[in-house]
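Have a look at the structure below, then the notes.
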Amino acid sequence: MRMSEILIKNANVCDPAQGINCETMDLCIRDGKIVESVSESAEVIDAAGRLTMAGGFDGHTHSAGKINVGRFMNPNDARRTLVPGLSGPEARTEKTRAQVGYNTPNTYAIGYRYAKLGYTTICEAAIPMLAARHTHEEFKEIPILDKMGLSLFGSNWQVMEYVRDKEPEKLAAYVAWGLKASRGYGVKIVNAGGGEAWGWGKNVSGLYDPVPNFDVTPAEILMGLVEANEKLQLPHSVHVHCNNLGKPGNYETTIETMKMFEKVKPTVDRQALHVTHVQFNAYAGTSWRDFETGAPMVADYLNGANHLTFDLGQVIFGPAVTMTADGPVEYANSRMLHEKWSNQDIELEDASGVVPLSYSPKSFINAVQWAIGIELALLVEDPWKIMFTTDSPNGGSFVNYPEAFTYLMSAKKREQVISGFGKMALDRMVLPGLDRELSFYELAIMTRSMQSKMYSRPEKGNLKVGSDADVAIYDIITSDIDPSVEHEKVKQAFSGAAYTLKDGNVVVKDGKIEATPMGRTYWVNAKVPADIDSAMNKDTDIKFKKYYTVSKSNYMVEDSYLPNPVEIRTEGAF
Amino acid sequence: MQVVKLSLKKANKIPIEADTVTPDNFAGKTKEEIEAILVWYGNGQCPLGDFFTVEVEGSDSAENTKIVFEGDVSRVKRIGQGMSAGEIEINGNVDMHCGFGMKGGKIVINGDADSWLGCEMKGGEIILNGNATYYVGSGYRGESCGMRGGKITINGNAKDYLGEHMCGGEILVTGNVGLLPAISNNGGTIVIEGNATMPASEMKNGTVIIKGEISDMLPSYKEDGTEEVEGITYRKFVGDVNAGGKGMLLVK
């Protein structure tokens, strides 16, 4: 990192972590960190009163790993130019490599385009541990951004056996070992038990439906893993994709799952549970015929609960690519929509699938899905519980974030979209009755500030002294703009930051890439007592000898896969 | 009427991507202006005049502009890509993607054409007086819709995957075709006067007429009486049942 000083003058700072709501001030940066003051010789950037936030933090995106299956299933995605400046083919320049794609851009484009939106950190939502090497190979080629990834544990044989045999300490040791083996940051659970059931062409129907051959239920898997998560004092809570995703009536399972975690006592100052892409899990009705929004019920529960965070999984109209470890859901999608289908078996660990699809405002189901994401954001009162996502590219590509921000900030914009819906769609949603419009302050919370605590990364998502100098300056004068009316301007400004700084380096200027430094990769090394660790290793030795197609020594991701690692050590409470 | 004659100065090994060579782009332009039009050559762009001798007679609108390639252009790709009017005549063989996405006008090729002829064509006409290669009138990789309109006539043979993912328009082949013509098509008409192998697999909609012999007729078609087209009675098959298709496959 270069030794340098920067003074950002006249920044209209919106930093909810410090309670600063669009106040004009100067920001000082030295050696990649925010500091109190800088010397006379500091380089000056004149923000000219424009909106300034910490760098954005996308805590749930599919940007490395499975996205590659999406790429080879959708070669036509390379030429899609649906969002000008942020999609489609772009020739290489002196500063940037060639770019293609929309939902499944090449790795370089992912880095550049997030940076153009003012984002500086991403979290890959699902690393199958057996394929972790590939995820890190892609991380290596995503420029600018800091990265982390969540490792999949929800349908893992060893996990289910330890849960069944009531061996919480060995389970914690296995989770710690898995995170180290995959260089992962946290525990992801996708349709607990469902991935294993899918190996037999089945699914689990809810929290108490036993997993074939393992004699455990999804509820037991969830509770076992959260106990391990807290025993290890991991920086992130368990990150849960609920059972029954994408099925009418699933909001009940979602609330039931959330309730189950009320009794969990986090050992780190953060939430006990993160529930992801809740839009896909907030469906009411009993079939696709009487399908309707379940957002009011879910939001009602969330408003009274303080132990969890969630993200939206907002739908964007147009082509998307669904990619998930939820194998049975993808099979159902492909049959229902007559779409291409890719399915993968991750040996003893999980399943996965990829299906491209297109959301249309003319389909009442898609229209209601679109509304549910926004309803959740507007009906849940406390923005500190909400992370903004499209579950990119499941609900739509991240390059549409600026468009989606206008849905949250402008009732007029929503009316425009809603006016294209049929009567049936309108009857099944509550969105037309909602007039709440989010402020820049609330938007900042959902796109960067809340992630800081959610992932225990105090140096991210805020502009406090000592934090990373990841800064986004947008071409918006907050006192002169009414986002409710001038939503097009808001979208424009968020689509290409006036400046994005990463660790104090200007990486974007006037919406163009200026520099492409290599970001960090965070991973968690959790300490486990040696005797428990060696007992656990005896069990996994058998797994590798009997079942895996690779040997244990070839399974671990080596240090050379992480050119810029940040190892987060935790002590554990055994 | 404007006539533009292009003759290759020297046979090129590295392909030229001539997607800018269309009547729309040439109409009303002088010799110098046409010579300055850029084409891709390897990883860089070069003026057309570097490769071709350009002769221009007259000046007119796109509809009244004709481009004539004198001689073989078998390493020149994407001629007439996206053209909407006018005519292109190629007196020799042509490389891949000729007439890609064309919307109108006419291309006449007096020679053979490489793969992807008239791929994603929406309108206009292509007449090939020679043999075609793979994927005539098909879709871009990964797309669910290929040719949507217009007509391709092949006075010769074609290789595999003719009309793949075709959604509309017409293809006529006077000779034989290779494997899997009309695969995954969803509309349009394909007439093959010669022989074909495994036609119309996964057809959802559309009409395929095979006048010659069929090798490996797919078992996933239901016979449904006969159909008369232009005075000839064919056995009528409906399918592809595997894809829930309602396409019509007519065979002798």
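The values are calculated or read from the model by the stated rules, or taken from the named source; none is laboratory data. What you see is a predicted model, and the numbers here were worked out from it, not measured in a lab. Positions of Cβ are generated from backbone atoms using ideal geometry, with glycine treated the same way; all protein chains shown enter the neighbour counts.
Run down A:Ala284, A:Ala272, A:Ala295, A:Ala305 and say which single residue is surrounded by 24 or more Cβ atoms within 10 Å (Cβ to Cβ) and over 18 Å from A:Ser155 (Cβ atoms). Reasoning before the result, please.
Working: A:Ala284 fails: surrounded by 24 or more Cβ atoms within 10 Å (Cβ to Cβ); A:Ala272 fails: surrounded by 24 or more Cβ atoms within 10 Å (Cβ to Cβ); A:Ala305 fails: surrounded by 24 or more Cβ atoms within 10 Å (Cβ to Cβ).
So the residue among A:Ala284, A:Ala272, A:Ala295, A:Ala305 that is surrounded by 24 or more Cβ atoms within 10 Å (Cβ to Cβ) and over 18 Å from A:Ser155 (Cβ atoms) is A:Ala295.
Restrict the check to the stretch B:209-221 and report whether at least one residue is more than 23 Å from B:Ala132 (Cα to Cα), away from chain A (no Cβ under 14 Å) and in contact with a strand residue (DSSP E or B) (Cβ under 6 Å, 6 or more places away or on another chain).
Yes, the conditions are met somewhere in the stretch B:209-221.
Given B:Gly146, B:Gly99, B:Gly142, B:Gly80, which one is assigned to a loop (DSSP other than H, G, I, E, B), within 14 Å of chain A (Cβ to nearest Cβ) and crowded, with 24+ Cβ neighbours inside 10 Å? Full working, then the answer.
On the way: B:Gly99 fails: within 14 Å of chain A (Cβ to nearest Cβ); B:Gly142 fails: crowded, with 24+ Cβ neighbours inside 10 Å; B:Gly80 fails: within 14 Å of chain A (Cβ to nearest Cβ).
Matching residue, one of B:Gly146, B:Gly99, B:Gly142, B:Gly80: B:Gly146.
Can A:Glu486 be described as at pLDDT 95 or above, surrounded by fewer than 22 Cβ atoms within 10 Å (Cβ to Cβ) and closer than 21 Å to A:Asp31 by Cα? Working first, answer last.
Working: at pLDDT 95 or above: yes; surrounded by fewer than 22 Cβ atoms within 10 Å (Cβ to Cβ): yes; closer than 21 Å to A:Asp31 by Cα: no.
When the stated conditions are applied, A:Glu486 does not pass them.
How many of the residues making up the stretch B:83-96 are surrounded by 24 or more Cβ atoms within 10 Å (Cβ to Cβ) and either modelled with pLDDT under 95 or under 26 Å from B:Tyr134 (Cβ atoms) (or both)?
Qualifying residue count, the stretch B:83-96: 4.
For the stretch A:340-382, name all the residues that are buried (at least 17 other Cβ atoms within 10 Å of the Cβ), among the small types (Gly, Ala, Ser) and away from chain B (no Cβ under 14 Å).
A:Ala351, A:Ser352, A:Gly353, A:Ala367, A:Ala371, A:Gly373, A:Ala377
So how many residues does the stretch A:544-570 have that are surrounded by fewer than 16 Cβ atoms within 10 Å (Cβ to Cβ) and over 26 Å from the mean Cα position of the chain (by Cα)?
Within the stretch A:544-570, residues that are surrounded by fewer than 16 Cβ atoms within 10 Å (Cβ to Cβ) and over 26 Å from the mean Cα position of the chain (by Cα) number 9.
Taking the criterion of being over 18 Å from B:Asn205 (Cα atoms), within 14 Å of another protein chain (Cβ to nearest Cβ) and touching a residue at least 24 places away in the same chain (Cβ under 8 Å), would at least one residue in the stretch B:158-175 satisfy it? Reasoning before the result, please.
Here is the first cut: in the stretch B:158-175, the ones over 18 Å from B:Asn205 (Cα atoms) are B:158-160, B:173-175.
Cutting the leftovers down to within 14 Å of another protein chain (Cβ to nearest Cβ) gives us none.
No, there is no match, as no residue in the stretch B:158-175 is over 18 Å from B:Asn205 (Cα atoms), within 14 Å of another protein chain (Cβ to nearest Cβ) and touching a residue at least 24 places away in the same chain (Cβ under 8 Å).
Looking at the stretch B:49-66, which of the residues that are touching a helix residue (DSSP H, G or I) at 6+ places or on another chain (Cβ under 6 Å) and not small (Gly, Ala, Ser) is nearest to B:Ile127 (Cα to Cα)?
Restricting to residues being touching a helix residue (DSSP H, G or I) at 6+ places or on another chain (Cβ under 6 Å) and not small (Gly, Ala, Ser), the top hit is B:Thr65.
Conditions: (1) aliphatic (A, V, I, L, M); (2) crowded, with 19+ Cβ neighbours inside 10 Å; (3) under 19 Å from B:Gly130 (Cβ atoms). B:Val191 meets all but one. Number of the miss?
(2)
Output the residue which, of all residues in the stretch A:173-202 that are small (Gly, Ala, Ser) and not in a helix (DSSP H, G or I), is farthest from the chain's Cα centre (by Cα).
A:Gly201
Inside the stretch A:79-92, can you point out the residues that are touching a residue at least 24 places away in the same chain (Cβ under 8 Å) and away from chain B (no Cβ under 13 Å)?
If the condition is that a residue be touching a residue at least 24 places away in the same chain (Cβ under 8 Å) and away from chain B (no Cβ under 13 Å), then A:Leu82, A:Val83, A:Gly85, A:Leu86, A:Ser87 are the ones that fit.
Only one of these is surrounded by fewer than 24 Cβ atoms within 10 Å (Cβ to Cβ), touching a residue at least 60 places away in the same chain (Cβ under 8 Å) and among the hydrophobic types (A, V, I, L, M, F, W, C): A:Ala172, A:Ala181. Name it. Even if it seems obvious, please write down each step before you answer.
Numbers: A:Ala172 fails: surrounded by fewer than 24 Cβ atoms within 10 Å (Cβ to Cβ).
After ruling out the rest, the residue left standing is A:Ala181.
When B:Thr133 is evaluated against the numbered criteria (1) buried (at least 17 other Cβ atoms within 10 Å of the Cβ); (2) within 14 Å of chain A (Cβ to nearest Cβ), which criterion, by number, is the only one it fails?
(2)
Can you find even one residue in the stretch A:321-339 that is part of a loop (DSSP other than H, G, I, E, B) and within 14 Å of chain B (Cβ to nearest Cβ)? Steps first, please.
So the first thing to find is which residues in the stretch A:321-339 are part of a loop (DSSP other than H, G, I, E, B), and the list is A:325-326, A:338-339.
Restricting the remaining residues to those that are within 14 Å of chain B (Cβ to nearest Cβ) gives A:338-339.
So far as the stretch A:321-339 goes, yes, one or more of its residues are part of a loop (DSSP other than H, G, I, E, B) and within 14 Å of chain B (Cβ to nearest Cβ).
Which helices (runs of 4 or more DSSP H) sit wholly inside the stretch A:402-478 and have at least 2 residues that are touching a Lys or Arg at 6+ places or on another chain (Cβ under 9 Å)?
On the way: elements: A:411-418, A:423-427, A:440-444, A:450-454.
Output list reads A:411-418, A:450-454.
For the stretch A:230-256, name all the residues that are of a type in the set (S, T, N, Q) and out of contact with any helix residue (DSSP H, G or I) (no Cβ under 7 Å at 6 or more places or on another chain).
A:Gln233, A:Thr253
What are the residues in the stretch B:228-248 that are more than 14 Å from chain A (Cβ to nearest Cβ), crowded, with 16+ Cβ neighbours inside 10 Å and free of Cβ contacts under 8 Å to residues at least 60 places away in the same chain, if any?
Scanning the stretch B:228-248 gives B:Tyr234, B:Lys236, B:Phe237, B:Val238, B:Gly239, B:Met248.
Against the definition (of a type in the set (A, V, I, L, M), modelled with pLDDT of 95 or more and in a helix (DSSP H, G or I)), how does A:Ala497 come out, yes or no?
For A:Ala497, the condition - of a type in the set (A, V, I, L, M), modelled with pLDDT of 95 or more and in a helix (DSSP H, G or I) - is not met.
For the condition more than 24 Å from A:Pro143 (Cβ to Cβ) and within 14 Å of chain B (Cβ to nearest Cβ), what is the one hit in A:Asn12, A:Asn76?
A:Asn76
Return the residue satisfying two criteria in turn: it lies in the stretch B:102-112 and is surrounded by 24 or more Cβ atoms within 10 Å (Cβ to Cβ) and of a type in the set (A, V, I, L, M, F, W, C), and of such residues it is nearest to B:Ile152 (Cα to Cα).
B:Ile107
Could you pull out every one of the helices (runs of 4 or more DSSP H) wholly within the stretch A:216-304 that has 3 or more residues that are under 16 Å from A:Asn191 (Cβ atoms) and out of contact with any Phe, Trp or Tyr (no Cβ under 7 Å at 6 or more places or on another chain)?
So the answer is A:218-231, A:251-260.
Residues are listed down the side, and each one gets a yes or a no for (1) of a type outside the set (S, T, N, Q); (2) out of contact with any helix residue (DSSP H, G or I) (no Cβ under 8 Å at 6 or more places or on another chain):
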| site | (1), (2) |
| --- | --- |
| B:Glu143 | yes, no |
| B:Asp160 | yes, yes |
| B:Gly169 | yes, yes |
| B:Leu172 | yes, yes |
| B:Asn205 | no, yes |
| B:Lys222 | yes, no |
| B:Lys236 | yes, yes |
| B:Ala243 | yes, yes |
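Which residues, taken from the stretch A:523-574, are hydrophobic (A, V, I, L, M, F, W, C) and either in contact with a Leu (Cβ under 8 Å, 6 or more places away or on another chain) or under 20 Å from A:Glu169 (Cα atoms) (or both)?
Residues of the stretch A:523-574 hydrophobic (A, V, I, L, M, F, W, C): A:523-524, A:526, A:528, A:530, A:532, A:535-536, A:542, A:544, A:550, A:556-557, A:562, A:566, A:568, A:573-574.
Scanning the stretch A:523-574 gives A:Trp523, A:Val524, A:Ala526, A:Val528, A:Ala530, A:Ile532, A:Ala535, A:Met536, A:Ile542, A:Val550, A:Ala573, A:Phe574.
Restricting attention to the stretch B:43-69, which residues are assigned to a strand (DSSP E or B), surrounded by fewer than 17 Cβ atoms within 10 Å (Cβ to Cβ) and either of a type in the set (S, T, N, Q) or modelled with pLDDT of 95 or more (or both)?
Taking the stretch B:43-69 and keeping what is assigned to a strand (DSSP E or B), we get B:44-47, B:52-57, B:65-69.
After this cut, where a residue has to be surrounded by fewer than 17 Cβ atoms within 10 Å (Cβ to Cβ) as well, the list is B:44-47, B:53, B:55, B:57, B:68.
Matches in the stretch B:43-69: B:Gln45, B:Cys46, B:Pro47, B:Thr53, B:Glu55, B:Glu57, B:Val68.
In the stretch A:507-543, how many are hydrophobic (A, V, I, L, M, F, W, C) and surrounded by fewer than 18 Cβ atoms within 10 Å (Cβ to Cβ)?
So the answer is 5.
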